[in-house]
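Just below is one structure, and these are the notes that go with it.
The values are calculated or read from the model by the stated rules, or taken from the named source; none is laboratory data. Computed from a prediction, not measured in an experiment: that's the story for all the values here. Don't worry about glycine lacking a Cβ; one is built from the backbone with ideal geometry, like all the others, and counts go over all protein chains shown. Just the protein is used for accessible areas: all its heavy atoms, side chains included, with ligands, DNA and RNA removed. Shrake-Rupley method; radii C 1.70, N 1.55, O 1.52, S 1.80 Å.
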Amino acid sequence: MSGPRPHWLFGDQLGPHFLEPSGSGPDPDAPVVIVEARSVFRRRRFHRAKAHLVLSAMRHRAAELGDRARYVRAETYREGLRRAVGERAVTVRHPTSRAALGLVTALPQVEVLPPGGFLVPFGDFRRWADGLGGRRLVMEDFYRRVRRAERLLLDPAGEPVGGRWNFDADNREPPPRGEPVLPVPPPRWPEEDEIDERVRADLDRWERSGEVRFVGRDGPRRFAVTRAEALRALEHFATARLPHFGRWEDAVLAADPWMAHSLLSVPLNLGLLDPGECVRRAEDAYRSGGAPLNSVEGFVRQVAGWREYVWQLYWYLGEEHRHRNALGHRAPLPDWFAELDADAVRARCLSGVLAQVRDTGWTHHVPRLMVLGNWALQHGYDPAAVTDWFHRSFVDGYDWVMVPNVVGMSQYADGGTITTKPYTCGGAYLNRMGDLCRPCPHRPGDRTGERACPFTAGYWAFVHRHRALLAANHRTARAAAGLDRLDDLPEVLAAEAVRGSAAP
Ligand SMILES: Cc1cc2nc3c(=O)[nH]c(=O)nc-3n(C[C@H](O)[C@H](O)[C@H](O)COP(=O)(O)OP(=O)(O)OC[C@H]3O[C@@H](n4cnc5c(N)ncnc54)[C@H](O)[C@@H]3O)c2cc1C
Ligand code: SF4
């Protein structure tokens, strides 16, 4: 058979930039193979909204590509590829998970091209990280390198605009008092079409037949699945919501799940948007006076800093990172947590956040880290199980982004490779950052008694359990020393032991 080699697209490589026939890209006009592998959904219990998004995005892409696409529904990727091209040579871009990379490199007919969808080449990161000679990897240092390399938010002399690299200190305001939602234009939602309808019908059928099981609800589709929808989402964010992004970045409001966040993680992780175009659009907003620097720098830091850093760490730290368990946490996830059973929970913060995950498969970063991750850490859930749960339950969850964020950032299971201390807090912090504690049957400041806040009690129980480790770390030594001031510690520990794995 003659003609260009077919190019195989995974479901998170759906933007036009993945098909660009540049020096390292696929052959010009290559036929495009997309495989919908049912075994992926059979193996693990994903959020149903996530299954919907991925299938809808792949089927939309195939429809856009028309005759150029060969869309195959198969049991496995291998079978799908065989049915699409037989033994013919194909190209594929470097996949985003180690498992998928293992698969494509094991197939002799497949040539693996460099990855798309990220700013920094692997070699650049490796040279930087290896060159540190054992010193800590620090996100801030990496981020500044990316800013310089990409010429992002720099003045003509190559220095950061506004005289500072970091505007985090301006981005920690609590939300306006008494306001249930931020004074910010709401997100604009995409409209579902007949492809979504068919996806829903397929998912219903698979579930009915008992073939596949999901968690969560497949409500109205909230996130972009086509390039056009993704560009509209980026444009709406850049013009209407980015100006407010920075100020309340660390805040949380019970009735405002979206706050001023971009909601771009899904289209970014499906490959529909390129990170470069997102940060340049944000920079344009700043330069044209459409958004203040603290917001724009905050957003650029998330995308060109954190997202790139996490991607690189996934590959740099190797498979071993996934299995780290520095705190020796082994507790299984209780059913109410695993099943997103928000109604079983009385603690308002946790119940509200679990309900958001159940209903949308998404929450912003504060509930992920300070409510869900915090709870799992305080209760010693097995970090590998927590990583798997986040991966399956979140619509933007992929292996590369979950392992560093959960094992490293949220569960401190790598003992400090990614963050310098465990991220945990009691009710007082959650209460300061928003309105979660009003009304709640618990009181954020109470450690003991009928209305003891489970996060506050859980915090002290955690500090007590890991006292030696926390005392040896200068960032947590004060917390460890704080145990000596608690005359009710035995009572706190006894109540926590009684709670066990029950829903708070
Ligand atoms: C425990 C935990 C789990 C997480 N799991 C995921 C995940 O599965 N997928 C995911 O994309 N992000 C994840 N994040 C990072 C972050 O919470 C989400 O990217 C963000 O909440 C998505 O909403 P948004 O698009 O409105 O983000 P915004 O707040 O608007 O931020 C802009 C973009 O920055 C990027 N970003 C910011 N922080 C990170 C980060 N730590 N890692 C990677 N990208 C980042 C995302 O692409 C995001 O879209 C996780 C964070 C934590 C603490
Ligand atoms: S009082 Fe405690 S349990 Fe209740 S919402 Fe506040 S932090 Fe959560």
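Observations, loosely collected:
- Estimated vicinal HN-Hα couplings, Hz - segment 147-157 in sequence order (Karplus 6.51, -1.76, 1.60; Gly, Pro = x): 4, 5, 4, 8, 6, 9, 6, 10, 8, x, 7
- Taking the protein heavy atoms of segment 172-270 in the context of the full set of protein chains, the accessible area attributed to carbon and sulfur is 49 percent at 1.4 Å.
- Estimated FRET transfer efficiency when R0 is 25 angstrom, pair Glu339-Tyr423 (beta carbons, to 0.05): 0.50
- Shown in residue order for segment 388-401 are the 3J(HN,Hα) couplings computed by the Karplus curve 6.51 cos²θ - 1.76 cosθ + 1.60 at θ = phi - 60°: 4, 5, 4, 4, 6, 8, 9, 5, 9, x, 9, 3, 4, 8 Hz (x for Gly and Pro).
- Estimated D of segment 331-468 in µm² per second, where Rh is the Kirkwood radius over Cα pairs and Stokes-Einstein applies at 25 °C, 0.890 mPa s: 162
- Couplings 3J(HN,Hα) for segment 18-23, derived from phi with the Karplus relation 6.51 cos²θ - 1.76 cosθ + 1.60 (θ = phi - 60°), are 6, 9, 4, x, 6, x Hz, where x marks Gly and Pro.
- Estimated FRET transfer efficiency when R0 is 45 angstrom, pair Arg151-Arg213 (beta carbons, to 0.05): 0.40
- Convex hull (Cα only) mean projected area of the chain, reported in nm² to one decimal: 24.7
- With the highest mean first, a sort of the peptides 406-417, 104-115 on other beta-carbon atoms found within 10 angstrom per residue produces 406-417, 104-115.
- 5 angstrom amide H check on Arg70, placed H, neighbours 5+ away: Val32, Val33, Ile34
- Considering only the chain, percent of DSSP beta bridges that pair antiparallel, nearest 5: 10
- For the chain, the solvent-accessible area of protein heavy atoms averages 42 Å² per residue (probe radius 1.4 Å; ligands and nucleic acids excluded).
- With each label modelled as a point 7 angstrom along the Cα→C-beta vector, the Asp67-Asp484 pair spans 8.1 nm.
- Its alpha carbons considered, segment 393-504 gives a radius of gyration followed by a Dmax of 15.5, 44 Å.
- Relative contact order [Cα under 8 Å, 6+ residues apart], segment 10-126, whole percent: 29
- Value at 222 nm in deg cm²/dmol, rounded to 500, when DSSP H runs of n ≥ 4 in the chain each add -39,500 (n - 2.57): -11500 deg cm²/dmol
- Share of carbon and sulfur in the accessible heavy-atom surface of segment 314-471 [1.4 Å probe, %]: 51
- Packing here is the average count of other Cβ atoms within 10 Å per residue, and on that basis the peptides 225-234, 338-347, 270-279, highest first, run 270-279, 225-234, 338-347.
- Residues with amide H under 5 Å from that of Leu113, placed H, sequence gap 5 or more: Val92, Arg93, His94
- Take every Cα pair under 8 Å whose residues are at least 6 apart in sequence, average their separation, divide by the length of the chain, and the relative contact order is 15 percent.
- Length-normalised contact order for segment 308-413 - Cα pairs under 8 Å, 6+ apart - percent: 38
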